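Taking it in order: structure first as structure tokens, then the write-up.
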Amino acid sequence: MSSPVLQPFRDHLPFKPYCTDDLGAGLRVLPLSKALSKAYIQHNHPGMVWTLAFDMDREIVDPNNWWPIWERAHLPAPNVATQTISTGRGHLLYFLATGVCTTSAARPKPMEYLAAIERAYTIALGADPG
């Protein structure tokens, strides 16, 4: 993963993330070097959020007018947008400039603010809330 666009994502991945190529087969914990080759990878540490990921169960770009979903929702462009060619569905990733701690030792206000942003983006984008 040598892309400068993806480097912030890679910099904050867990050292041994859960990952898989087939969700039906379950998740495995692998060293990051091996996990990077998998189709699905845990994108945040258990106690720290660096990336907001939104699962789009509808087309990311409207095929009729080519407007991306985030522009129609009046939101900033994501750092990364992935799309499955056959369905048009994908994921939108927003990288945080500063991580938000989510452990029991964390301050509640930053976690509440992050949760509010995540809820608002999920609603505005029509993303999968799960």
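Return the pairs, sorted by first residue and then second, in which the second residue is at pLDDT below 80 and in a loop (DSSP other than H, G, I, E, B), the first residue lies in region 51-70 and is of a type in the set (A, V, I, L, M, F, W, C), the beta carbons are less than 8 Å apart, and the residues are 6+ apart or on different chains.
Listed pairs, sorted by first residue: Ile60/Gly88; Val61/Trp67; Val61/Gly88; Ile69/Arg58; Ile69/Glu59; Ile69/Ile60; Ile69/Asp62.
If only one of Tyr94, Tyr113, Tyr121 is among the aromatic types (Phe, Trp, Tyr) and either part of a loop (DSSP other than H, G, I, E, B) or touching a residue at least 60 places away in the same chain (Cβ under 8 Å) (or both), which one is it?
Tyr121
How many residues does region 83-100 contain that are open to solvent by 50 Å² or more (accessible area, probe 1.4 Å) and of a type outside the set (Lys, Arg)?
8
State the number of residues belonging to region 9-50 that are closer than 14 Å to His91 by Cα, open to solvent by less than 50 Å² (accessible area, probe 1.4 Å) and either in contact with a Cys (Cβ under 9 Å, 6 or more places away or on another chain) or without any contact (Cβ under 8 Å) to a residue 60 or more places away in the chain (or both).
Residues flagged as closer than 14 Å to His91 by Cα, open to solvent by less than 50 Å² (accessible area, probe 1.4 Å) and either in contact with a Cys (Cβ under 9 Å, 6 or more places away or on another chain) or without any contact (Cβ under 8 Å) to a residue 60 or more places away in the chain (or both) within region 9-50 amount to 2.
Go through region 62-82 residue by residue and tally those that are outside any loop (DSSP other than H, G, I, E, B) and buried (at least 16 other Cβ atoms within 10 Å of the Cβ).
Total meeting the criteria: 5.
Mind checking which residues of region 65-101 are at pLDDT below 85 and among the hydrophobic types (A, V, I, L, M, F, W, C)?
Trp66, Trp67, Ile85
The values are calculated or read from the model by the stated rules, or taken from the named source; none is laboratory data. Just so we're clear, the structure is a prediction, and the values are computed from it rather than from any experiment. Glycine also receives a Cβ, built like all others from the backbone with ideal geometry; neighbour counts cover every protein chain displayed. We work out accessible area using only protein heavy atoms, side chains counted, and drop any ligands, DNA or RNA first. Shrake-Rupley method; radii C 1.70, N 1.55, O 1.52, S 1.80 Å.
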